[in-house]
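*Asks:* Below is a structure I'd like to ask you about.
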Amino acid sequence: MTNNKSKWKQNLLSSKCRRLPYNTNLAAEFYVLSMLHRLGIDASLTLGNKKSVDIVVVRDSGNVATIDVKGLAGTTSWPVDNVKKIATSHFLVFVSFFGKIGDPLASPESYIVPSKRLAPLVYHSPNGKRQVLQLSRMRKEAKIFRDAWQLLK
């Protein structure tokens, strides 16, 4: 059995499979949606191309939370130039696949950040053109947000 599993993984991760295109943001959105449902949270994916809300969580009647999901295939930083919505019930979920997005056995790292707590974590480039959230900074200064799914309940 172990040998078959090893062969399966080897075939799955072959160069032929790794060359397939992928969509980091969709993979991240569905990962977050899956986690929410695994935790018994009522959540729905929103539709559209240009949006700041990717997932809506229904807590109680009239009590909703919105989520903007940011996916990272690599290991450096998430662009946050386009983050506009700041509200008590709006969250950003940052998902990093560590360069292993094509490996379904690799688990991503996630940070659930209330939008009102995002600003101090953002790095602004010296020329002022880029705003990013650095994975290294999140690991050092924002450990409380790592896998903080309970914030969305």
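The values are calculated or read from the model by the stated rules, or taken from the named source; none is laboratory data. Small disclaimer: the values here were computed from a predicted structure and weren't measured. Heads up, the Cβs are rebuilt from the backbone with ideal geometry, glycines too, and the neighbour counts pull from every protein chain shown. For the accessible areas, the whole protein counts, side chains as well, though only heavy atoms, and no ligand, DNA or RNA atoms are used. Shrake-Rupley method; radii C 1.70, N 1.55, O 1.52, S 1.80 Å.
*Asks:* Kindly indicate whether any position in segment 74-92 is surrounded by 19 or more Cβ atoms within 10 Å (Cβ to Cβ), within 30 Å of Lys129 (Cβ to Cβ) and touching a Phe, Trp or Tyr at 6+ places or on another chain (Cβ under 6 Å).
*Replies:* Yes: segment 74-92 contains one or more residues that are surrounded by 19 or more Cβ atoms within 10 Å (Cβ to Cβ), within 30 Å of Lys129 (Cβ to Cβ) and touching a Phe, Trp or Tyr at 6+ places or on another chain (Cβ under 6 Å).
*Asks:* Kindly indicate which of Ile101, Ile112 is crowded, with 19+ Cβ neighbours inside 10 Å, β-branched (Val, Ile, Thr) and under 20 Å from His37 (Cα atoms). Steps first, answer last, please.
*Replies:* Working: Ile101 fails: under 20 Å from His37 (Cα atoms).
So the residue among Ile101, Ile112 that is crowded, with 19+ Cβ neighbours inside 10 Å, β-branched (Val, Ile, Thr) and under 20 Å from His37 (Cα atoms) is Ile112.
*Asks:* Would you confirm whether or not segment 102-120 contains a residue that is within 15 Å of Trp149 (Cα to Cα), among the small types (Gly, Ala, Ser) and over 16 Å from the mean Cα position of the chain (by Cα)?
*Replies:* No, the conditions are met nowhere in segment 102-120.
*Asks:* Let me ask another. Could you identify the single residue in Gln150, Gln131 that is within 24 Å of Asn23 (Cα to Cα), open to solvent by 20 Å² or more (accessible area, probe 1.4 Å) and more than 14 Å from the chain's Cα centre (by Cα)?
*Replies:* Gln131
*Asks:* Within segment 134-147, work out how many residues are assigned to a loop (DSSP other than H, G, I, E, B), open to solvent by 20 Å² or more (accessible area, probe 1.4 Å) and of a type in the set (A, V, I, L, M).
*Replies:* So the answer is 0.
*Asks:* Are any residues in segment 26-47 open to solvent by 50 Å² or more (accessible area, probe 1.4 Å) and either assigned to a helix (DSSP H, G or I) or among the β-branched types (Val, Ile, Thr) (or both), and if so, which ones?
*Replies:* Leu26, Phe30, Tyr31, Ser34, His37, Arg38
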